[in-house]
Amino acid sequence: MSVEDDGRGGANPAGSGLFGPARRVAALDGRLEVRGPPGGPTLVIAELPCA
């Protein structure tokens, strides 16, 4: 799943807003990637295994 916004970027993957989702994705043996370059946009990608 991926979600992209039109904000100014600069998302912090270790910040409190993304820590919870990252922990939940990791609990399912998945991976969360955050791309938030200055100037935006921010892109959050969650990859979950399908068994």
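With everything on Cα atoms, drop me the angle between helix 16-27 and the longest principal axis of the chain, reported from 0 to 90° to the nearest 10. Between helix and principal axis, roughly 20 degrees. Relative contact order, whole percent, for the chain stands at 48, derived from Cα pairs under 8 Å and 6 or more residues apart. Potential lengthening of the chain between Ala14 and Cys50 amounts to 10.4 nm, from the contour at 0.36 nm per residue minus the alpha-carbon distance. Label-to-label distance for Arg24 and Asp5 is 1.6 nm, based on points extended 7 Å past Cα in the beta-carbon direction. Summing charges over all other residues whose Cβ lies under 15 Å from the Cβ of Ala11, with Lys and Arg as +1 and Asp and Glu as -1, gives -2. Between amide H atoms placed 1.01 Å from N, distances below 5 Å from Leu43 occur with Arg35, Gly36, all of them 5 or more places distant or on a separate chain.
In the full protein context, the chain carries 75 Å² of accessible surface per residue, based on a 1.4 Å probe and ignoring ligands, DNA and RNA. The structure-derived value of log10 I(q)/I(0) by the Debye sum over Cα atoms at q = 0.14, 0.26, 0.27, 0.31 Å⁻¹ appears in the list [x] -0.48, -0.92, -0.96, -1.09; [y] -0.36, -1.08, -1.13, -1.27; [z] -0.34, -0.96, -1.00, -1.16 under the label [z].
The values are calculated or read from the model by the stated rules, or taken from the named source; none is laboratory data. Just so it is clear, the structure is predicted and the values come from calculations on it, not from any experiment. Neighbour counts run over all protein chains shown; Cβ positions are idealised from the backbone, glycine included. With ligands, DNA and RNA removed, areas are computed over all heavy atoms of the protein, side chains included. Shrake-Rupley method; radii C 1.70, N 1.55, O 1.52, S 1.80 Å.
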